[in-house]
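Computed from the coordinates by the stated procedures, all read-outs in this text should not be read as laboratory data. Keep in mind the model is a prediction, meaning the values are calculated, not measured. Note: ideal-geometry Cβ built from the backbone for every residue, glycine included; neighbour counts use all protein chains shown.
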Amino acid sequence: MDGTLFWAWAMIAAFCVGMSKGGAPAFGALAVPILSLVISPVAAAGLLLPVFLFSDIFGVWAYRKNVNWALVRIAVIGVIIGTSLGWATAHLVSDQAVRVLIGAIGLVFSLNFLRRSTSEAPARAPNVRRGIFWTTVAGFTSFVSHAGAPPWQVWVLPQKLSKMVFAGTSAVAFAIMNAAKIIPYYHLGQLQADNLRVTMILFVPAIIGVFVAYRLIRVLQERVFYRIVTWMLLAVSIKLIWDGILG
């Protein structure tokens with residue numbers, strides 16, 4: 001974990017982590033795929049977890065008054081189930097399979113989001129069963145690659161929450177997801193003391209990302225903002241699928 005190329009991608013990945021905590025959760029799905037371009041996706045997930053946890057503090061504080069607690073209560077159930085599944089199956093897939101999985105998640109979500117954004121649909125009421133299903137998927141993909149945003153947004157975006165409530169609810173839900181991964185990651189050996197120096201440095205771009213997103217989400221229209229993020233995620237996802245298949 002050294003060299004100019006590693007630090008360049010690591011800084012960008014940490015900045016994306018901060019952006020996801022500042023109100024743009026789709027950026028969180030970019031972090032591990034970006035860092036996976038230079039190191040193993042499993043190593044990337046372990047290295048970035050402390051960055052996610054540190055950024056969660058600022059994200060939750062910033063949006064503490066804008067949280068839909070009813071959705072959070074549903075999310076807790078799915079997160080626990082999904083994290084448990086991720087832990088139970090952690091040794092069953094290779095790094096290359098993880099790359100393809102991360103890329104496939106991003107690809108499907110990106111294409112679906114771009115398709116949906118071309119038409120207006122009425123707001124959908126929250127559904128407990130759908131909520132538990134999608135947050136279970138989010139908990140699993142978050143465990144594997146910190147890519148919980150796509151399935152989370154599949155459930156939450158159709159409800160058409162206000163930008164502030166969407167950001168606040170997402171901040172709390174993902175803080176719970178990340179906290180749930182601490183013990184499993186430790187037992188799987190993904191939290192390495194040797195990485196502490198790198199992690200401490202990555203806190204800086206992460207904090208910058210939190211406050212940049214916090215400002216931007218108040219300026220840009222939500223549709224414009226997420227269209228930019230979706231195209232970024234689509235490009236990285238295609239790259240990861242390509243690398244995963246070719247090995």
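Here are a few things to note about the model shown:
- Choice from 46, 189, 22 with maximal GNM fluctuation in the chain (Cα, 10 Å cutoff): 189
- Residue with peak Gaussian network fluctuation, the chain [Cα springs, cutoff 10 Å], from 37, 114, 234: 114
- According to the Cα-based calculation, Rg over Rh for the stretch 7-70 is 1.04, with Rh computed by the Kirkwood formula.
- Burial ordering of 134, 242, fewest other beta-carbon atoms within 10 Å first: 242, 134
- Fluctuation leader among 45, 88, 175 - the chain, Gaussian network, Cα springs under 10 angstrom: 88
- Modelled spin labels at residue 187 and residue 89, positioned 7 Å past Cα toward Cβ, are 1.8 nm from each other.
- Nitroxide proxy distance, nm - points 7 Å out along Cα→Cβ at residue 211 and residue 194: 3.4 nm
- When you work out D = kT/(6 pi eta Rh) for the chain at 25 °C and 0.890 mPa s, using the Kirkwood radius from C-alpha pairs as Rh and the Stokes-Einstein form, the result is 139 µm²/s.
- Rounded to the nearest 20 debye, the dipole magnitude of the stretch 4-246 is 800 debye, with +1 charges on Lys and Arg beta carbons, -1 on Asp and Glu beta carbons, and the Cα centre as origin.
- When the P(r) is computed for the stretch 178-247, the part past 18 Å accounts for 67% of the Cα-Cα pairs.
- Computed from phi, the 3J(HN,Hα) profile of the stretch 88-93 under the Karplus parametrisation 6.51, -1.76, 1.60 (θ = phi - 60°) reads 5, 10, 4, 9, 9, 10 Hz, with x in place of Gly and Pro.
- Modelled spin labels at residue 128 and residue 73, positioned 7 Å past Cα toward Cβ, are 1.0 nm from each other.
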